[in-house]
């Protein structure tokens, strides 16, 4: 039996943000949030019940930069397409610009960012959150890159 992979700091924060968001919705019960082995296309897999039905959230973590978001979206679509119909791809990042959020919507990928923005469609349940916080992030060239 292989030892569980230890997540990096951003993955741990991503899993916590996902768990906090899911906990706010009474029709969703979180069974397990686990970190996938490094060779998998997704970083986090959440097993949940939505209105009594089993469902999976296949999650990837990105740094929020446009190129990284594009790569993560492609990996998520490939991974989710291999899963059954009960899988929803989700992108998690420190912050997603409105343009990155739109890319997620066009690719039918849910998103959660650590600033309080979220959009998930799971079966009949829709979660939409928009943060009104003043996001003081450095310019794109100065962003800290997280490895996922």
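Considering (1) touching a residue at least 24 places away in the same chain (Cβ under 8 Å); (2) outside any loop (DSSP other than H, G, I, E, B), the lone condition that residue 12 does not fulfil carries the number (1). Scanning the range 71-96 for residues that are surrounded by fewer than 22 Cβ atoms within 10 Å (Cβ to Cβ), modelled with pLDDT under 95 and touching a helix residue (DSSP H, G or I) at 6+ places or on another chain (Cβ under 9 Å) yields a single hit, 87. The set of residues in the range 35-55 that are farther than 21 Å from residue 115 by Cβ and surrounded by 14 or more Cβ atoms within 10 Å (Cβ to Cβ) comprises 35, 36, 40, 41, 42, 45, 47, 48, 50, 55. Filtered by the rule that a residue be in contact (Cβ under 8 Å) with a residue 60 or more places away in the chain and on the phi > 0 side of the Ramachandran plot, the range 20-73 gives 51, 64.
The values are calculated or read from the model by the stated rules, or taken from the named source; none is laboratory data. In this text, all values refer to a predicted model and were calculated from it rather than measured experimentally. Don't worry about glycine lacking a Cβ; one is built from the backbone with ideal geometry, like all the others, and counts go over all protein chains shown.
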